[in-house]
Amino acid sequence: MNNASIEKHSCLIIGSGPAGYTAAIYASRANLKPVLYQGIQPGGQLTITTEVENYPGYPDGVQGPEMMVDFEKQATRMGADIRFGLATKVDFSARPFKVWIDEEKEIHADTIIIATGAAAKWLGIESEQRLNGYGVSACAVCDGFFFRGKEVAIVGAGDTAAEEAHYLSKLCTTVHMFIRKDEMRASKIMQDRVLNTPNIKMYWNTDTDEILGEKKVEAVRIKNNKTGATEEIPISGFFVAIGHQPNSSIFKEVIELDEAGYIKTIPGTSKTNIEGVFACGDVQDKNYRQAITAAGSGCMAAIDAERYLAASGH
């Protein structure tokens with residue numbers, strides 16, 4: 001590659017959800033002149049969410065995609081250079097750090113802020129994607145509120161599924177919980193909580209065959225994977241809680257990840273195991289996974305990057 005196409009920047013932000021855009025706002029105000037690449041899904045997971053009611057400052061709620069447009073506009077107004085493109089390869093072995101965009105453009109940067117987020121794992125059935133945002137959701141904390149006093153279903157067998165089922169049980173009349181095997185993966189305490197909640201109805205050895213409804217979720221057809229028997233249950237909401245996948249694969253050789261693939265950061269900071277490389281948002285947060293916590297950690301990453309650059313004399 002000829003050197004003419006190499007760009008040099010003091011701060012490169014990879015990813016464009018609440019974490020990336022907030023980092024861009026703070027880094028711009030600190031005069032770091034950040035460049036942000038939006039990645040494969042500009043705006044991140046919020047662009048597949050419909051109504052957001054729990055983000056402060058929007059008293060009447062806001063549509064997820066609209067909120068991300070607001071974030072982007074604010075970052076642009078502050079001076080961030082926001083670009084469409086996907087980071088496909090990195091080399092953090094020496095400074096300046098190197099990142100390749102769309103496998104061709106080479107960027108050199110003194111600091112890197114990783115805000116690549118995570119993606120919900122889905123069952124992979126057609127109706128699930130078609131009705132996503134119309135009764136199908138991968139976040140009970142975000143969307144459970146819309147199903148108060150209604151019947152819902154949740155699929156999953158781990159701690160997150162148990163936690164979300166319990167959360168939904170306080171809002172909904174009945175929570176139908178589908179478990180693929182005859183036992184749960186969740187910790188004993190979470191299993192006990194679910195099993196002892198009267199309005200959570202357990203279905204063992206159960207697969208989701210199809211989510212039914214034209215414009216919105218109306219029912220679900222399940223199948224017992226031992227007997228083959230099917231059953232239709234009328235519901236208004238269908239929650240998928242089979243886990244999240246952090247978008248960290250391009251960093252796995254260079255940055256310390258935990259066993260689930262989340263980037264490890266020093267608690268209370270956005271610092272990774274490589275000085276000058278910071279991580280924020282859902283790519284390093286498997287506990288909260290909210291827009292507000294992602295935005296907060298984006299702010300931390302920009303401040304950490306600014307302090308790092310000041311201390312290293314850039």
| Conditions: (1) touching a residue at least 40 places away in the same chain (Cβ under 8 Å); (2) within 26 Å of Asn54 (Cβ to Cβ). Thr173 meets all but one. Number of the miss? | (1)
| query | Is there a residue being more than 29 Å from Asp258 (Cα to Cα), part of a loop (DSSP other than H, G, I, E, B) and touching a residue at least 24 places away in the same chain (Cβ under 8 Å) anywhere in the range 59-74? | reply | no
| field | Pairs, first under 16 Å from Gln245 (Cβ atoms) in the range 101-127, second hydroxyl-bearing (Ser, Thr, Tyr) and crowded, with 17+ Cβ neighbours inside 10 Å, C-beta under 6 Å, six or more apart | value | Leu123/Thr208
| query | Of (1) at pLDDT below 95; (2) surrounded by 14 or more Cβ atoms within 10 Å (Cβ to Cβ); (3) over 19 Å from Cys299 (Cβ atoms); (4) not acidic (Asp, Glu), Gly43 satisfies all except one. Which? | reply | (3)
| message | So, Asp209, is that one outside any helix (DSSP H, G or I) and at pLDDT 95 or above or not? | response | yes
| request: Might you check whether a residue that is farther than 20 Å from Phe251 by Cα and more than 20 Å from the chain's Cα centre (by Cα) occurs anywhere in the range 102-116? | output: no
| query | Has the range 304-311 got at least one residue that is assigned to a loop (DSSP other than H, G, I, E, B) and out of contact with any strand residue (DSSP E or B) (no Cβ under 6 Å at 6 or more places or on another chain)? | reply | no
| request: Quick one: Ile263 ticks every box in (1) among the aliphatic types (A, V, I, L, M); (2) in the same structural domain as Lys181 (by TED's automatic domain parsing); (3) within 17 Å of the chain's Cα centre (by Cα) except a single one, so which number is it? | output: (2)
| query | In the range 119-177, how many are under 21 Å from Tyr288 (Cβ atoms) and assigned to a strand (DSSP E or B)? | reply | 4
| the range 128-146, residues that are crowded, with 16+ Cβ neighbours inside 10 Å and touching a Phe, Trp or Tyr at 6+ places or on another chain (Cβ under 9 Å) | Glu128, Leu131, Asn132, Gly135, Val136, Ser137, Ala138, Cys139, Ala140, Asp143, Gly144
| task | Determine which member of the set Ser16, Ser28 is in the same structural domain as Gln290 (by TED's automatic domain parsing), part of a helix (DSSP H, G or I) and in contact with a Pro (Cβ under 8 Å, 6 or more places away or on another chain). | result | Ser28
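This table checks each residue for (1) among the acidic types (Asp, Glu); (2) assigned by TED's automatic domain parsing to the domain that holds Gln290; (3) crowded, with 22+ Cβ neighbours inside 10 Å; (4) at pLDDT 95 or above.
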| site | (1), (2), (3), (4) |
| --- | --- |
| Tyr55 | no, yes, no, no |
| Pro65 | no, yes, no, no |
| Thr76 | no, yes, no, yes |
| Gly79 | no, yes, no, yes |
| Ile82 | no, yes, no, yes |
| Gly85 | no, yes, no, yes |
| Ser93 | no, yes, no, yes |
| Lys150 | no, no, no, yes |
| Ala165 | no, no, yes, yes |
| said: Among the residues of the range 209-218, are any farther than 13 Å from Val136 by Cα and either touching a residue at least 60 places away in the same chain (Cβ under 8 Å) or not β-branched (Val, Ile, Thr) (or both)? | reply: yes
| task | Within the range 100-110, identify whether any single residue is touching a strand residue (DSSP E or B) at 6+ places or on another chain (Cβ under 8 Å), over 30 Å from Gln38 (Cα atoms) and buried (at least 16 other Cβ atoms within 10 Å of the Cβ), and answer yes or no. | result | no
| said: Could you tell me how many of the residues in the range 257-283 are under 30 Å from Gly124 (Cα atoms) and outside any strand (DSSP E or B)? | reply: 10
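The values are calculated or read from the model by the stated rules, or taken from the named source; none is laboratory data. Keep in mind that this is a model prediction, so the values were computed, not measured. Cβ: placed from backbone, ideal geometry, glycine included. Neighbour counts: every protein chain shown.
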